[in-house]
Amino acid sequence: MQDIDYQACLQEIYEETKHLLGQGKVAEYIPALAEVDPNQYGIAIHTLDNKTYTIGDAETPFSIQSISKVFVFSMVFKAFGDKLWKRMGREPSGNSFNSLIQLELENGIPRNPFINAGALVSTDCLFSLSKNPLKDILNFVRSLSNNPKIIYDSVVANSEKDTGYRNAALVNFMKSFGNIEHDVDSVLNTYFHQCGLMMNCIDLAKAFCFLANKGINPFNGDSILTLSQAKRLNALMQTCGLYDESGEFAFSTGLPGKSGVGGGIVAVVPNLLSICVWSPALNKHGNSLIGMKALELFTTKTGISIF
């Protein structure tokens, strides 16, 4: 594995997939994302021996959206451990990431941390740990990516707030079951801002390296999660990280990963690297159309996956 020419691999993947630019659609239901140029495409790899490989628009910041769920869940998983499973499940949903029907059938307990309802519970949990969740999320992400310049995009956050009726319904519904403990508006505001974090492919590839490194931040040696927790979070990404296309991603790519409707997908190769692909045009499942193909080609060409 160590003899792989990652730069040459990225060049091949880029050339073989760039014809897909122009296919798919940006996330039009969030007005600020509807204005993003869909013809952007970048890839970054960061290895545990601290080497970075990039191609295309890898340095262009974008709204990470649901990828942020991994960061917030990591913060509360470290603090609460297995107590979290009283408030959320660990199973794939098989339904839309913002389904109300499933939440009603399961009495206000989200199926997993990576559907919207589960992420809202994670954000609510953070209020039990922090007096300033937005500041702490930002500091956490900056530390993981080794980039102190990461910011929230308030335009995106406000755009989501203005149109986030389904998320408001989810959090209020869970509040009625007692599964949201803090002020609903405060939880929603924090959630919309975490989705509006602006990072590029390099930032995200670096930020996910702790999950390739047994829960340890390779930049400063901080223990983010225990070995056991890191294993379980990777397992959750494998089974639940790409909405209702998680099974297809596991089948085609064979890596733990997390996507966002901003067009990013991050995947982890344990003990080796993490890789982020970004292209804003999405397929019908809400995942980057090019990103899905690029990551499939990455594991095919390199021969590395968890299987």
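The values are calculated or read from the model by the stated rules, or taken from the named source; none is laboratory data. Here the structure is a predicted model, which is why all the values come from computation and not from measurement. Reconstructed Cβ throughout: ideal geometry from the backbone, glycine too, with neighbour counts over all protein chains shown.
Across region 149-165, what is the total count of residues that are charged (D, E, K, R), in contact (Cβ under 8 Å) with a residue 40 or more places away in the chain and surrounded by fewer than 16 Cβ atoms within 10 Å (Cβ to Cβ)?
Matching residues across region 149-165 total 1.
Only one of (1) hydrophobic (A, V, I, L, M, F, W, C); (2) under 25 Å from PRO270 (Cα atoms); (3) touching a residue at least 60 places away in the same chain (Cβ under 8 Å) is not met by ALA8, so which one is it?
That leaves (3) as the condition not met.
Just checking, which of PHE210, PHE219 is closer than 21 Å to SER122 by Cβ and among the aromatic types (Phe, Trp, Tyr)?
PHE210
Report yes if GLN23 is more than 20 Å from TYR191 (Cα to Cα), among the polar types (S, T, N, Q) and free of Cβ contacts under 8 Å to residues at least 60 places away in the same chain, otherwise no.
The answer is no for GLN23.
Please give the strands (runs of 3 or more DSSP E) falling wholly within region 175-270 in which 1 or more residues are in contact with a Lys or Arg (Cβ under 9 Å, 6 or more places away or on another chain).
Strands (runs of 3 or more DSSP E) meeting the threshold: 257-259, 264-269.
Give me the residue from region 45-96 that is hydrophobic (A, V, I, L, M, F, W, C) and touching a Phe, Trp or Tyr at 6+ places or on another chain (Cβ under 7 Å) and, out of that set, surrounded by the fewest Cβ atoms within 10 Å (Cβ to Cβ).
Per the stated criteria, the residue is LEU84.
Select from region 259-307 the residues that are within 24 Å of MET198 (Cα to Cα) and hydroxyl-bearing (Ser, Thr, Tyr) and list them in ascending order.
Hits for region 259-307 are SER259, SER274, SER279, SER288.
Filter region 271-298 for residues that are among the basic types (Lys, Arg) and either under 16 Å from GLN65 (Cβ atoms) or not in a helix (DSSP H, G or I) (or both) and give the result.
Once the filter is applied, which keeps residues that are among the basic types (Lys, Arg) and either under 16 Å from GLN65 (Cβ atoms) or not in a helix (DSSP H, G or I) (or both), region 271-298 yields only LYS284.
What do you reckon, is SER252 modelled with pLDDT of 95 or more, surrounded by 21 or more Cβ atoms within 10 Å (Cβ to Cβ) and of a type outside the set (D, E, K, R)?
no
Is region 24-44 home to any residue that is of a type outside the set (Ser, Thr, Tyr), over 23 Å from the mean Cα position of the chain (by Cα) and in a loop (DSSP other than H, G, I, E, B)?
No, because not a single residue in region 24-44 is of a type outside the set (Ser, Thr, Tyr), over 23 Å from the mean Cα position of the chain (by Cα) and in a loop (DSSP other than H, G, I, E, B).
So which of SER145, SER93, SER159, SER130 ends up being farther than 22 Å from PRO31 by Cα, touching a Leu at 6+ places or on another chain (Cβ under 8 Å) and either of a type in the set (Gly, Ala, Ser) or modelled with pLDDT under 95 (or both)?
Unique residue meeting the criteria: SER145.
For region 137-162, which residues satisfy the criterion of being touching a Pro at 6+ places or on another chain (Cβ under 6 Å) and hydroxyl-bearing (Ser, Thr, Tyr)?
SER159
Sort out which residues of region 266-288 are in contact (Cβ under 8 Å) with a residue 60 or more places away in the chain, surrounded by 23 or more Cβ atoms within 10 Å (Cβ to Cβ) and out of contact with any His (no Cβ under 7 Å at 6 or more places or on another chain), and write them in order of number.
VAL266, VAL268, ILE275, CYS276, VAL277, TRP278, SER279, PRO280, ALA281, LEU282, SER288
Where the second residue is outside any strand (DSSP E or B) and among the hydroxyl-bearing types (Ser, Thr, Tyr) and the first is under 18 Å from SER145 (Cα atoms) and lies in region 186-199, which pairs have Cβ atoms under 6 Å and are six or more apart or on separate chains?
Within 6 Å, the pairs are GLN194/SER68; CYS195/SER68; LEU197/SER68.
Within region 53-148, which helices (runs of 4 or more DSSP H) (wholly inside it) include 1 or more residues that are among the aromatic types (Phe, Trp, Tyr) and touching a residue at least 60 places away in the same chain (Cβ under 8 Å)?
Filter on region 53-148 gives 68-80, 116-127, 133-145.
What are the residues in region 186-214 that are small (Gly, Ala, Ser) and buried (at least 22 other Cβ atoms within 10 Å of the Cβ), if any?
Correct list: GLY196, ALA205, ALA207, ALA212.
Do you know which residues across region 166-185 are among the β-branched types (Val, Ile, Thr), closer than 14 Å to LEU126 by Cα and crowded, with 21+ Cβ neighbours inside 10 Å?
The one that is among the β-branched types (Val, Ile, Thr), closer than 14 Å to LEU126 by Cα and crowded, with 21+ Cβ neighbours inside 10 Å: ILE180.
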